[in-house]
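Note sheet for the following structure.
Each value in this text was obtained by applying a stated rule to the coordinates, not by laboratory testing. For clarity, every value in this text was computed on a predicted model and none was experimentally measured. Counting neighbours? That spans all protein chains shown, and the Cβs are built from the backbone with ideal geometry, glycine included.
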Amino acid sequence: MNDSPQEPARPTSSHDGQAFYTPEHLAEILYISRQQVIDLSRSGVIPHVRLGRYYRYSDAHLDELRQRREKSEARQKAQRAAEAWDRPARTAATQGEGN
């Protein structure tokens, strides 16, 4: 039985000296299916390049994806904080109406 952690995905193809990940490798990194990677690439959510008919992903694409995710998470966190800040004010205003 092998208890060692799975080796991280590495770029498997190259073009003009730049290494690229396949959709299968990106799916492993993102913990989603290969088809989801392709669908998200087609819709423009995941940055990519096309090499012929193939989708490929560079380290720069992965960095861009991480930055987008961090911005999205920060936006969501700020929104939750704003909602939590507004909630007590609404509750206090409605408590006075019941008396």
(message) So, R0 is 25 Å and r is the distance between the beta-carbons of E70 and I32; what FRET efficiency does that work out to, to 0.05?
(response) 0.90
(message) Full-extension gain between D59 and Q79, please, as 0.36 nm times their residue separation minus the C-alpha to C-alpha distance.
(response) 4.2 nm
(message) So if I take the centroid of the Cα atoms in the range 18-39 and the same for the range 43-57, what is the distance between those two points in Å?
(response) 10
(message) For the ranges 66-79, 40-53, what's the packing order if you count other beta-carbon atoms within 10 Å of each residue, average per peptide, and put the highest first?
(response) 40-53, 66-79
(message) Quick query: amide H of I46 versus all other amide H atoms, modeled in the peptide plane; which residues come in under 5 Å with a sequence gap of 5 or more or a different chain?
(response) S41
